[in-house]
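Student: Structure in structure tokens, see below.
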Amino acid sequence: MTRIAIVGVAGRMGRTLVNAVQQDAGATLAGGVVEPGSSLAGADIGELAGVGKLDVRAVDSLAAIVDDFDVLIDFTAPQVTLANLAFCAEHGKRMVIGTTGLSDDELAALDSFADKLPMVFAPNMSVGVNLTLKLLETAARALGDEGYDIEVIEAHHRHKVDAPSGTALKMGEVVAESLGRTLKEHGVFERVGQCGPRSDTEIGFATVRAGDIVGEHTVMFATEGERIEITHKASSRMTFARGAVRAARWVAGQGNGRYGMQDVLGL
Ligand code: NAD
């Protein structure tokens, strides 16, 4: 039985994760962490998540539950995640990280922990999205250098703070890598005013932020005469949460390293 603690347990993903751990026969809920000083410290995390009393109280510091858990699931913010990595490396814990929006420096800092603890880091934990990445690889190889323009379009709820989404960037990276391109060189993230026609090799990104959209991604391969669209639509956060719990069970049996969902799913 994998003992899981959830940091950011009062957040959108945090509350969904409580639900997902409860439903998983191979995992048990060992604790939940809220922001330091939060008035939610001491609350029953089952009640917080709307699944009924679980007799596990939210704490506002990881140190308070250090002996209780094996794997920490973290869907918070980049600087919080980096601090948690340091804590978990020091205390022999494992991590599943869903936080997105890390800068290049923050990604490098995350990478520096790869030899200090086992971690799964993925901008999207859904099984469907990770299969979609495989489909994109195939499509890009077949079409990308044959005159098909590639565009990535994503839509999320109005509260999302980073753009484009980590998943859109990952999709763009997979396509770019399959074609020997890089997003640094070929990614186009803004088109405003007289920006001229698109180039053959650019990979364009468009972002929608509206209402309660959980997460939608389309990669378009368009040429004269036809258009192929590969689309994934998430309709519930449970898909990410279930993937994260599966990753937690999996990483419990791994040695130090940075892994992705493709490793967890054996894709
Ligand atoms: P949210 O704002 O609802 O939740 C974040 C929570 O973190 C908040 O409750 C906040 O109080 C808490 N927090 C902040 N600092 C903290 C600290 N020091 N200690 C403990 N808790 C702290 O956001 P969300 O929609 O749940 O998304 C969180 C992150 O997960 C974002 O980066 C988002 O893009 C990402 N996300 C990833 C996936 C995936 O599959 N990888 C899916 C959905 C969301």
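Student: What pairs can you find where one residue is in region 241-262 and assigned to a loop (DSSP other than H, G, I, E, B), the other is at pLDDT 95 or above and of a type in the set (S, T, N, Q), and their Cβ atoms are less than 8 Å apart, with a gap of 6+ or different chains?
Tutor: Pairs found: Ala252/Thr2.
Student: Take Ala206 and decide whether it is within 16 Å of the ligand (Cβ to nearest atom), surrounded by 11 or more Cβ atoms within 10 Å (Cβ to Cβ) and modelled with pLDDT of 95 or more.
Tutor: No, not satisfied.
Student: OK, next. Being open to solvent by less than 30 Å² (accessible area, probe 1.4 Å), within 11 Å of the ligand (Cβ to nearest atom) and not assigned by TED's automatic domain parsing to the domain that holds Asp74: is that true of Thr218 here?
Tutor: no
Student: Can you give me the number of residues within region 69-104 that are under 15 Å from the mean Cα position of the chain (by Cα), of a type in the set (Gly, Ala, Ser) and within 16 Å of Pro36 (Cβ to Cβ)?
Tutor: Result for region 69-104: 1.
Student: Inside region 93-117, can you point out the residues that are open to solvent by less than 10 Å² (accessible area, probe 1.4 Å) and part of a strand (DSSP E or B)?
Tutor: Those that are open to solvent by less than 10 Å² (accessible area, probe 1.4 Å) and part of a strand (DSSP E or B): Met95, Val96, Ile97.
Student: Identify, from the list Gly128, Gly180, the residue that is surrounded by fewer than 22 Cβ atoms within 10 Å (Cβ to Cβ) and not in a helix (DSSP H, G or I). Spell out the reasoning first.
Tutor: Details: Gly128 fails: not in a helix (DSSP H, G or I).
The match here is Gly180.
The values are calculated or read from the model by the stated rules, or taken from the named source; none is laboratory data. All values reported here derive from a predicted model rather than from experimental measurement. As a convention, Cβ positions derive from the backbone with ideal geometry for all residues, glycine included, and neighbour counts pool all protein chains shown. Side chains are part of the model used for accessible areas, which takes the heavy atoms of the whole protein and leaves out ligands, DNA and RNA. Shrake-Rupley method; radii C 1.70, N 1.55, O 1.52, S 1.80 Å.
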